[in-house]
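Below is one structure, written out as structure tokens; comments come after it.
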Amino acid sequence: MIENPPLEEIAKILRRAKRIAVVGLSDKPDRTSYQIAKEMQNLGYEIIPVNPMIDEALGVKAVSSLKEIEGHVDIVNIFRKSEYLMEIAKEFVEIDADVFWAQQGIADEETYRFLKERGVTVIMDRCIKVMHSLTKNMPLTGE
């Protein structure tokens, strides 16, 4: 069973994060991935488009895979169908990013178990933009 972190933990993740690699980011403004990534970019996050089918999105050069990203990635946010999650997860563990985040409607129990066994923070079936809106003004314990 997939169990996401509590809201307070999600709030902490979003406040600490600076760089978000967006797997499956489209360069078409009418696509959900573009709209959500643009909103996160407007909120001050550095967005790294990960899509071998495009040259750039949101004014940023796209990379073909997570392994092409230079420097640390805080969140890998995924806009691909659930059946691709395991393939993405295997690449994710190679780059030592902090959080594996599958967007609303995207989840896979096998991938979840694979990542949890490796000590990864996993969020599935949650929209990063909605979670940001829900937690942005949340007072946090210990802060």
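Read-outs throughout are calculated quantities, based only on the coordinates presented, and are distinct from any laboratory measurement. Predicted model only: the values in this text are computed from it and were never measured. Virtual Cβ from ideal backbone geometry, glycine too; neighbours counted across all protein chains shown.
A few points about this structure:
- Furthest towards positive pole of dipole, 23, 138, 89, structure part the chain, Cβ charges: 138
- The alpha-carbon atoms of the chain, seen along their principal axes, cover 42, 32, 28 angstrom, with the largest extent given first.
- Prolate/oblate/rounded label for region 42-81 (Cα gyration tensor, a/c 1.5): rounded
- Formal net charge of residues neighbouring residue 17 (Cβ-Cβ distance under 11 Å; K, R +1; D, E -1): +2
- Summed residue charge, Cβ within 14 Å of residue 44's Cβ, Lys/Arg positive, Asp/Glu negative: +4
- With at most 13 neighbouring Cβ atoms within 10 Å, loop trypsin sites (Lys or Arg not before Pro) (DSSP) excluded, longest segment of the chain: 19-80
- Taking 27 Å as the straight-line reach from the Cα of residue 67, the lysines in range (excluding those fewer than 8 positions away in the same chain) are 12, 18, 28, 38, 81, 90, 116, 129.
- Cβ-defined net charge surrounding residue 116, 13 Å radius [Lys, Arg +1; Asp, Glu -1]: -3
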